[in-house]
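The values are calculated or read from the model by the stated rules, or taken from the named source; none is laboratory data. In this text the structure is predicted, and so the values were computed from the model without any measurement. Don't worry about glycine lacking a Cβ; one is built from the backbone with ideal geometry, like all the others, and counts go over all protein chains shown.
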Amino acid sequence: MPLAEMLYDIRCWKDGIDLVPPPDIECDTIATPELEFIQPTPRRACLLFSGGKDSSLSAIVLRNNNWDVRALHIPANAYVFDAERKAVSAIGERLSLKTETLNLSFPGFALLSRAYATTWDHFPHHNAVPFGRDLLLAVLACPMARHQRVAALCMGHDHNCRIAQITHLGKRIARNDVESADGATLLAAYIQRFLCPGLALLPPVAMLTEYRILREMFLNHPDLMALTSFCFWGNYCGRCSKCLRYYLVERVLGCEGMLRFAMSPLDGETSPELGDYFAVDWDSDALFSGEVAYCLARLVQRGDIRAGEARLRQFAETIFPKLAPNLDAIEENLMRIYPDPQVPSDFVL
């Protein structure tokens, strides 16, 4: 029920409606299954592998900590099936990472999602990633994890998503359901009680901000970064929120051209997400606002404002003067290693 309540709360916030409690289910009539405990193999992990920068770096970090990595790819967003498949194959080959693929079929999913959510599958602003996706993927991965006797199920969740919270109608809510530290703790308890006793959740890069993950990939693993799948629409659109952030970090780091964007997210009003940041006055509740603001400020600081970049010029005139004295401190926070309750204390990054 706590997981269900979390999902309902976030959906209500996203769609701007009153908080709706989940259905009243007679939970006391549901018996806890008698599951045989299977002794896991120490330091063996099942990694949910999407072919993105987070799961790719997770594989590297796990191996650097002497973990045996078994990768599992579960296609979940119809728009990126091809892009993810290519990335999983190419990056898996580079890393000598054997990857199993689990295909799921849910023909009525899109119809169900559109009927339930108003902010879903509207290019480029609202992506088509299944809501509660990581909850679904974790549960689907459990049989493989149990069969292969893994000690941990690993997902590429970054520090930003682990701690992000919003307030809706006076209620404080974890913004990213099971990507949040609170949601992942609930998920771990659910898995251990109902699906796979002894299976831990381990997010290998949860101690790093997205900016640091991108920086690590761009500068230290450029061959892998160039192969990643990241665009919400699978075509490097240059318009979605991920394309905006990846483009900004790429440009700030001097790696422009490594990724193949259909257009620059800073041209005119290409990226509606960038407009949103101005609309909320760069409120701290806006996910990745600190990362985006830092990157824009560094571009302004070096005078890298190009023709047609009206939003960047607006930022230079309104926001940059407030941030300029604190840019080094902001960068220090983006580069910090943050403790996480599900990452072992001896984990080396």
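State all residues of the range 192-208 that are modelled with pLDDT of 95 or more and either under 14 Å from Ala141 (Cβ atoms) or surrounded by fewer than 22 Cβ atoms within 10 Å (Cβ to Cβ) (or both); if no residue qualifies, say none. Give the steps one after another, and end with the answer.
Let us first name the residues in the range 192-208 that are modelled with pLDDT of 95 or more, namely 199-208.
Those that are modelled with pLDDT of 95 or more and either under 14 Å from Ala141 (Cβ atoms) or surrounded by fewer than 22 Cβ atoms within 10 Å (Cβ to Cβ) (or both): Leu199, Ala200, Leu201, Leu202, Pro203, Met207.
Which one of these does Lys242 not meet: (1) outside any loop (DSSP other than H, G, I, E, B); (2) of a type in the set (Lys, Arg); (3) more than 18 Å from Tyr211 (Cα to Cα)?
(3)
Could you grab me the full set of residues in the range 79-99 that are surrounded by 14 or more Cβ atoms within 10 Å (Cβ to Cβ) and of a type in the set (Ser, Thr, Tyr)?
Across the range 79-99, the qualifying residues are Tyr79, Ser89, Thr99.
Within the range 276-302, take every residue that is buried (at least 20 other Cβ atoms within 10 Å of the Cβ) and small (Gly, Ala, Ser) and give me the one that is farthest from Val252 (Cα to Cα).
Among residues in the range 276-302 that are buried (at least 20 other Cβ atoms within 10 Å of the Cβ) and small (Gly, Ala, Ser), the one farthest from Val252 (Cα to Cα) is Ala293.
Quick one: what pairs do we get from the range 44-60, first residue aromatic (Phe, Trp, Tyr), second in a loop (DSSP other than H, G, I, E, B), C-beta under 8 Å, 6+ apart or different chains?
Every condition considered, the pairs that remain are Phe49/Leu97.
How many of the residues in the range 184-225 are of a type in the set (Phe, Trp, Tyr) and closer than 19 Å to Gly254 by Cα? Spell out how you get there, then give the answer.
Taking the range 184-225 as the starting set, the residues that turn out to be of a type in the set (Phe, Trp, Tyr) are 190, 194, 211, 218.
In the following step, the residues that additionally are closer than 19 Å to Gly254 by Cα were identified as 211, 218.
Summing the residues that are of a type in the set (Phe, Trp, Tyr) and closer than 19 Å to Gly254 by Cα in the range 184-225 gives 2.
Inspect all residues belonging to the range 10-29 and state whether any of them is within 29 Å of Cys240 (Cα to Cα) and among the acidic types (Asp, Glu).
yes
If I filter the range 303-321 for residues that are surrounded by fewer than 18 Cβ atoms within 10 Å (Cβ to Cβ), among the aromatic types (Phe, Trp, Tyr) and within 24 Å of Cys240 (Cα to Cα), do I get at least one hit? Lay out the reasoning, then the answer.
Of the residues in the range 303-321, the ones surrounded by fewer than 18 Cβ atoms within 10 Å (Cβ to Cβ) are 303-308, 310, 313-314, 317-318, 321.
Going one step further and asking which of them are among the aromatic types (Phe, Trp, Tyr), we end up with none.
Within the range 303-321, none of the residues are surrounded by fewer than 18 Cβ atoms within 10 Å (Cβ to Cβ), among the aromatic types (Phe, Trp, Tyr) and within 24 Å of Cys240 (Cα to Cα).
Could you tell me which of the residues Leu62, Leu35 is buried (at least 20 other Cβ atoms within 10 Å of the Cβ) and not acidic (Asp, Glu)? First the steps, then the outcome.
Values: Leu35 fails: buried (at least 20 other Cβ atoms within 10 Å of the Cβ).
Only one candidate passes the filter, namely Leu62.
What's the total number of residues in the range 42-80 that are modelled with pLDDT of 95 or more and assigned to a helix (DSSP H, G or I)?
13
What's the number of the condition Phe218 fails, among (1) assigned to a loop (DSSP other than H, G, I, E, B); (2) aromatic (Phe, Trp, Tyr); (3) over 20 Å from Gly308 (Cβ atoms)?
Every condition holds for Phe218 apart from (1).
So Leu7 passes all but one of these: (1) in contact with a Gly (Cβ under 6 Å, 6 or more places away or on another chain); (2) buried (at least 20 other Cβ atoms within 10 Å of the Cβ); (3) not polar (S, T, N, Q). Which condition number does it fail?
Failed condition: (2).
Among the numbered conditions (1) buried (at least 16 other Cβ atoms within 10 Å of the Cβ); (2) aliphatic (A, V, I, L, M); (3) not in a strand (DSSP E or B), tell me where Ala189 comes up short.
(1)
Out of the range 248-275, which residues are part of a helix (DSSP H, G or I) and in contact (Cβ under 8 Å) with a residue 40 or more places away in the chain?
If we filter the range 248-275 for residues that are part of a helix (DSSP H, G or I), which is where we start, we get 248-252, 272-275.
Within the range 248-275, Leu248, Val249, Arg251, Val252, Pro272, Glu273 meet the criteria.
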